[in-house]
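Engineer: The structure under discussion is supplied below as structure tokens; questions concerning it will follow.
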Amino acid sequence: MFEIFGIPSQALFSQLLIGLINGSFYALLSLGLAVIFGMLNIINFTHGAQYMLGAFVAFLLLQHTGIGYWPALIVAPILVGITGMIIERTMLQWLYKLDHLYGLLLTFGLALIIEGLARNYYGSAGLPYQMPELLVGGYDLGFMRLPIYRAWVIVASLAVCLGTWFVIERTRLGANLRAATENPTLVRAFGINVPRMITFTYGFGVALAAFAGVMAAPIYNVSPQMGSSLIIVVFAVVVIGGMGSIMGAIVTGFGLGVIEGLTKVFFPEASNTVIFVIMAIVLLVRPAGLFGRRA
Amino acid sequence: MEQSVQAATVTPPVSSTRSWSEGLAFAIMVLALAIAPIYIYPMFLMQALCFALFACAFNLLIGYGGLLSFGHALYFGWASYLAAHSAKVWGFPPELAILTGTLTAAGLGLVAGSLAIRRQGIYFAMITLALAQMMFFFALQMKFTGGEDGIQAVPRGRLFGMIDLAHQFNMYVTVLAIFLAGFLLIYRIIHSPFGEVLKAIRENEPRAISLGYKTDRYKLLAFVLSATLAGVAGSTKAIVLQIASLTDVDWPMSGEVVLMALVGGLGTVFGPVAGAFIIIAMQTYLAQVGQWVTVIQGVIFVLCVLLFRRGIIGELAAYLRIKL
């Protein structure tokens with residue numbers, strides 16, 4: 001055991017780890033928001049509720065059908081993604097020509113509905129979700145104990161984030177997507193089915209949120225309000241990073257998670273508010289955001 | 001993806017001429033509010049009036065400036081805290097307590113507004129929401145707010161040292177006077193040269209800039225005015241209900257005021273008042289179904305956005321071809 005700036009290394013590294021975990025969720029969620037905003041011009045307020053829905057679906061699968069963590073990691077995002085696509089087809093598609101604010105208001109209403117229903121049926125108390133056996137336990141790294149599950153969350157989200165970045169920035173599909181973001185009319189003229197692409201984009205963004213939710217389930221309890229406080233922080237993350245860049249969203253997400261973790265060590269009273277304070281500073285210094293393209 | 005920001009507007013352009021229909025509607029509203037306490041529980045009316053003023057203040061920003069603030073609970077809630085604290089702990093009379101709360105909201109509005117107007121459109125909404133959440137955490141941690149308990153048993157006191165507000169009738173008249181003063185002030189702002197420039201900015205900001213208007217100043221002033229009036233509403237609410245609590249600064253409150261303005265009609269003069277009464281009535285009479293209120297609010301949001309974007313008063317005005 002040694003000390004850094006008068007803080008035991010154990011405490012420092014474990015908060016750093018928690019910071020990275022939170023950062024993984026910030027990154028996954030802000031990535032989803034950025035992808036959705038790029039195609040739909042809508043800020044998806046339902047994102048937090050869909051994250052919660054991912055955790056709930058995993059919980060219900062285990063409870064009622066005995067389907068465990070690993071299948072749930074695939075099944076829950078697909079199910080939640082499908083509900084997302086239904087929402088896009090039945091409601092969101094009518095709003096694209098209107099002011100942005102209507103998309104925000106509609107998705108806010110949907111978030112209230114989903115959270116309200118979850119609270120009616122499952123109460124406000126958290127429901128525990130069993131950690132998969134394979135990932136129980138931890139490694140002793142000498143300077144700290146590393147729980148396997150937490151390491152897995154960081155690695156898995158990093159992989160998913162980078163995979164998403166690769167698909168969007170480096171493949172044919174991603175090129176079509178980026179082109180449709182810039183000029184949908186022209187892309188349609190090339191014979192690409194843009195409306196279908198929009199639907200799948202929304203489904204994918206929502207699935208990312210649900211994926212984060214499933215991974216969060218064993219760490220935090222599964223509770224109806226787990227998404228609403230998170231989504232507001234993610235909004236601040238998005239304001240800081242700007243939604244113009246995929247890599248920007250990933251870097252900002254992880255970076256802010258780490259900063260938040262460190263704040264918990266050195267100045268615990270400010271750990272809830274540090275991201276908002278950083279947002280205010282960024283707005284003063286670089287109004288367009290760290291990775292923003294236009295002012 | 002940016003082209004739609006400027007082209008789309010919240011409401012059809014509003015002509016600035018005063019119309020007979022607004023005058024008539026105002027007379028009906030005043031008359032209804034004057035006789036209402038005979039038939040309706042005054043506590044409900046006073047609460048609804050406070051929220052009506054809150055919704056009107058919010059509407060000033062979105063309906064006429066095109067700026068969607070998703071964090072108006074910040075001004076309402078913090079004004080409520082300061083009014084309650086100054087009345088209870090410092091022993092301020094109600095008029096000074098309300099003034100304290102209002103000035104608090106104005107100061108907070110100036111700081112938050114000058115940050116938020118640095119970004120446009122959807123970012124503006126996210127920034128206001130994030131700043132409000134930050135101040136929610138401050139309210140949660142600070143001692144004077146009483147944390148989860150809030151500030152309870154706030155004394156109503158004597159207005160100007162003479163009028164005892166513990167009497168329900170006196171309190172009602174005071175709240176009605178505050179509401180009407182706020183309402184008329186907003187009406188005046190909307191129809192002033194300042195209000196016209198604000199509408200021009202809503203319709204086409206680059207054009208307003210090219211005409212030589214410093215649009216940031218106009219937006220900031222609109223923001224501060226809106227925050228200040230929300231502060232009047234919050235302070236008055238603290239004196240009327242004799243409580244200031246975390247509910248008033250939390251994000252669902254910000255959502256609620258958006259819902260009130262949306263249900264009534266964004267950018268209409270009377271819409272927010274109607275919306276506030278409907279939402280408060282719904283909460284009061286549906287209190288026994290508990291959590292379902294959230295679900296019902298969500299459904300109303302979705303229905304309003306998909307089917308009745310003009311809101312009740314907006315649809316009525318369009319149907320009758322009058323201004324309301």
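The values are calculated or read from the model by the stated rules, or taken from the named source; none is laboratory data. Just so we're clear, the structure is a prediction, and the values are computed from it rather than from any experiment. Cβ placement follows ideal geometry from the backbone for every residue including glycine, while neighbour counts extend to all protein chains displayed.
Engineer: Look through B:Val257, B:Val263 and report the one residue that is out of contact with any Leu (no Cβ under 9 Å at 6 or more places or on another chain), at pLDDT 95 or above and under 24 Å from B:Gln133 (Cα atoms).
Structural biologist: B:Val257
Engineer: Looking at (1) within 14 Å of another protein chain (Cβ to nearest Cβ); (2) among the hydroxyl-bearing types (Ser, Thr, Tyr); (3) farther than 26 Å from B:Met135 by Cβ, which one does B:Tyr319 not meet, given that it meets all the others?
Structural biologist: With respect to (1) within 14 Å of another protein chain (Cβ to nearest Cβ); (2) among the hydroxyl-bearing types (Ser, Thr, Tyr); (3) farther than 26 Å from B:Met135 by Cβ, B:Tyr319 is out only on (1).
Engineer: Another question, if that's okay. Tally up the residues in the range B:88-140 that are part of a loop (DSSP other than H, G, I, E, B) and within 14 Å of chain A (Cβ to nearest Cβ), please.
Structural biologist: Result for the range B:88-140: 4.
Engineer: Kindly indicate whether A:Ala156 is under 30 Å from B:Met253 (Cα atoms), part of a helix (DSSP H, G or I) and small (Gly, Ala, Ser).
Structural biologist: Against the criterion (under 30 Å from B:Met253 (Cα atoms), part of a helix (DSSP H, G or I) and small (Gly, Ala, Ser)), A:Ala156 does not qualify.
Engineer: Suppose we filter A:Val187, A:Val167 for residues that are within 14 Å of chain B (Cβ to nearest Cβ), without any contact (Cβ under 8 Å) to a residue 12 or more places away in the chain, part of a helix (DSSP H, G or I) and of a type in the set (A, V, I, L, M); which single one remains?
Structural biologist: A:Val187
Engineer: Now for a different question. Scan (1) assigned to a loop (DSSP other than H, G, I, E, B); (2) at pLDDT below 90 for the single condition B:Val5 breaks and write down its number.
Structural biologist: Here B:Val5 clears every test but (1).
Engineer: Sort through A:Val234, A:Val251, A:Val258 and tell me the only one that's within 11 Å of chain B (Cβ to nearest Cβ) and either assigned to a helix (DSSP H, G or I) or within 30 Å of A:Ala125 (Cβ to Cβ) (or both).
Structural biologist: A:Val234
Engineer: A follow-up question, please. Determine whether A:Gly213 is free of Cβ contacts under 8 Å to residues at least 40 places away in the same chain, in contact with a helix residue (DSSP H, G or I) (Cβ under 7 Å, 6 or more places away or on another chain) and among the small types (Gly, Ala, Ser).
Structural biologist: no
Engineer: Count, please, the residues in the range A:18-39 that happen to be buried (at least 23 other Cβ atoms within 10 Å of the Cβ) and farther than 14 Å from A:Leu262 by Cβ.
Structural biologist: Number satisfying all stated conditions: 14.
Engineer: Right, another one. For the structure I just gave you, tell me whether A:Ala49 is touching a residue at least 24 places away in the same chain (Cβ under 8 Å), over 26 Å from A:Val258 (Cβ atoms) and assigned to a helix (DSSP H, G or I).
Structural biologist: yes
Engineer: Would you mention how many residues in the range A:1-22 are among the charged types (D, E, K, R) and at pLDDT 85 or above?
Structural biologist: Total satisfying the criteria: 0.
Engineer: Would you say B:Val89 is closer than 21 Å to A:Val274 by Cα and not aromatic (Phe, Trp, Tyr)?
Structural biologist: Answer is no for this residue.
Engineer: Can you tell me which residue is farthest from A:Val194 (Cα to Cα) among those in the range A:92-103 that are out of contact with any helix residue (DSSP H, G or I) (no Cβ under 6 Å at 6 or more places or on another chain) and either within 7 Å of another protein chain (Cβ to nearest Cβ) or free of Cβ contacts under 8 Å to residues at least 40 places away in the same chain (or both)?
Structural biologist: A:Leu101
Engineer: Right, next: Which number in (1) surrounded by fewer than 19 Cβ atoms within 10 Å (Cβ to Cβ); (2) touching a Cys at 6+ places or on another chain (Cβ under 7 Å) marks the one condition that A:Ile250 misses?
Structural biologist: A:Ile250 satisfies all of (1) surrounded by fewer than 19 Cβ atoms within 10 Å (Cβ to Cβ); (2) touching a Cys at 6+ places or on another chain (Cβ under 7 Å) except (1).
Engineer: Related question: Residue check, B:Gly157 against (1) away from every other protein chain (no Cβ under 14 Å); (2) free of Cβ contacts under 8 Å to residues at least 12 places away in the same chain; (3) over 28 Å from B:Leu67 (Cα atoms), all met but one. Which one?
Structural biologist: (2)
Engineer: Let me ask something else. Output the residues belonging to the range B:309-324 that are at pLDDT 90 or above, touching a Leu at 6+ places or on another chain (Cβ under 9 Å) and at negative phi.
Structural biologist: Within the range B:309-324, B:Arg309, B:Arg310, B:Ile313, B:Gly314, B:Leu316, B:Ala317 meet the criteria.
Engineer: With the requirement that a residue be within 8 Å of chain A (Cβ to nearest Cβ) and surrounded by fewer than 17 Cβ atoms within 10 Å (Cβ to Cβ), what does the range B:297-316 give you?
Structural biologist: B:Val299, B:Leu306
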